[in-house]
1. Given the conditions (1) part of a helix (DSSP H, G or I); (2) more than 21 Å from the chain's Cα centre (by Cα), report the number of the one that A196 does not fulfil.
2. From the list A191, A226, A181, which residue is assigned to a helix (DSSP H, G or I) and either out of contact with any Phe, Trp or Tyr (no Cβ under 8 Å at 6 or more places or on another chain) or at positive phi (or both)?
3. For A147, only one of the following conditions fails: (1) among the small types (G, A, S); (2) under 18 Å from the mean Cα position of the chain (by Cα); (3) open to solvent by 40 Å² or more (accessible area, probe 1.4 Å). What is its number?
4. Go over the candidates R207, R164, R133, R198 one by one and state the one that is closer than 22 Å to A60 by Cβ and either of a type in the set (D, E, K, R) or without any contact (Cβ under 8 Å) to a residue 24 or more places away in the chain (or both).
5. Can you tell me which condition W152 does not meet? The list is (1) over 24 Å from G72 (Cβ atoms); (2) within 21 Å of the chain's Cα centre (by Cα), and all the others hold.
6. With respect to the numbered conditions (1) polar (S, T, N, Q); (2) open to solvent by less than 70 Å² (accessible area, probe 1.4 Å); (3) not in a strand (DSSP E or B), which one is the sole condition not fulfilled by Q141?
7. Determine which single condition R164 fails, assuming it passes every other condition in (1) part of a loop (DSSP other than H, G, I, E, B); (2) crowded, with 17+ Cβ neighbours inside 10 Å.
8. When K212 is evaluated against the numbered criteria (1) open to solvent by 20 Å² or more (accessible area, probe 1.4 Å); (2) among the basic types (K, R); (3) more than 21 Å from D100 (Cβ to Cβ), which criterion, by number, is the only one it fails?
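The values are calculated or read from the model by the stated rules, or taken from the named source; none is laboratory data. Predicted model only: the values in this text are computed from it and were never measured. Ideal geometry is used to build each Cβ from the backbone, glycine not excepted, and the neighbour counts take in all protein chains shown. Each accessible area value is taken on the protein alone, full model and side chains, heavy atoms only, with ligands, DNA and RNA left out. Shrake-Rupley method; radii C 1.70, N 1.55, O 1.52, S 1.80 Å.
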Amino acid sequence: AAIETTSPAAVVVGQDAPEPSEAPSAAPPSPAPEPTSDATEPTREPEEIVEPVTALAALALLEVQPRASKAGYDRDLFGYRAVDLDRNGCDTRNDILGRDLTDVVFKPGTRDCVVMSGVLFDPYTANAIAFERGDGGNLVQIDHVVAMSDAWQKGAQQLDAEVRRQFANDPLNLLAVDGPANMQKGAGDAATWLPANRSFRCDYVARQIAVKANYDLWVTAAERDAMARVL
């Protein structure tokens with residue numbers, strides 16, 4: 001899997017420099033002709049090429065440390081669903097349901113915001129799940145791919161409140177998934193839990209690595225080794 005990190009390699013693309021003349025010029029060059037119209041060629045900025053970084057290469061750049069204390073952890077410190085990152089007037093849960101479900105039906109009058117029903121093709125189990133609002137949240141849940149508790153013990157304690165809110169509401173870190181599978185995962189990392197759907201494990205681990213790289217979170221040695229085995 002390939003991901004883009006926050007510090008991509010950049011290549012400046014431009015024309016090759018002209019070769020120098022082998023013989024000196026006998027006379028100074030003639031002045032360039034005056035332009036015949038007011039039109040000028042627009043200045044072209046150098047192009048920046050972002051080279052994809054493999055998840056395995058990004059994993060090697062993550063800091064490895066033991067898990068820190070969970071003392072002081074509180075979900076409210078992350079402000080999940082309290083930040084409207086895309087400013088569309090919908091809370092984060094409805095944004096993710098609308099993104100990940102198919103055959104979505106929205107509540108009338110909510111500007112395609114409140115998801116009433118839909119079908120989830122669950123990445124964790126490979127099952128199709130019918131979602132209906134009011135099912136108690138048992139069948140379809142929104143998972144933090146890097147759990148908030150896991151993040152707290154691996155660097156998020158040092159993040160300021162705004163960055164923690166961005167982490168908790170970042171679409172990269174959120175997936176609509178099978179509720180029981182999400183409950184089974186809990187706050188586990190890759191060393192303690194992986195999706196039953198083996199074909200999704202590489203994408204799942206690559207997403208965790210991208211999130212941890214973006215928010216300067218670390219991994220434990222066991223977690224790093226588990227991720228490397230999957231990749």
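1. (1)
2. Going through A191, A226, A181 in turn, just one is assigned to a helix (DSSP H, G or I) and either out of contact with any Phe, Trp or Tyr (no Cβ under 8 Å at 6 or more places or on another chain) or at positive phi (or both): A226.
3. With respect to (1) among the small types (G, A, S); (2) under 18 Å from the mean Cα position of the chain (by Cα); (3) open to solvent by 40 Å² or more (accessible area, probe 1.4 Å), A147 is out only on (3).
4. Details: R164 fails: closer than 22 Å to A60 by Cβ; R133 fails: closer than 22 Å to A60 by Cβ; R198 fails: closer than 22 Å to A60 by Cβ.
R207 is the lone residue from the list that is closer than 22 Å to A60 by Cβ and either of a type in the set (D, E, K, R) or without any contact (Cβ under 8 Å) to a residue 24 or more places away in the chain (or both).
5. (1)
6. (3)
7. Condition not satisfied by R164: (1).
8. K212 satisfies all of (1) open to solvent by 20 Å² or more (accessible area, probe 1.4 Å); (2) among the basic types (K, R); (3) more than 21 Å from D100 (Cβ to Cβ) except (1).
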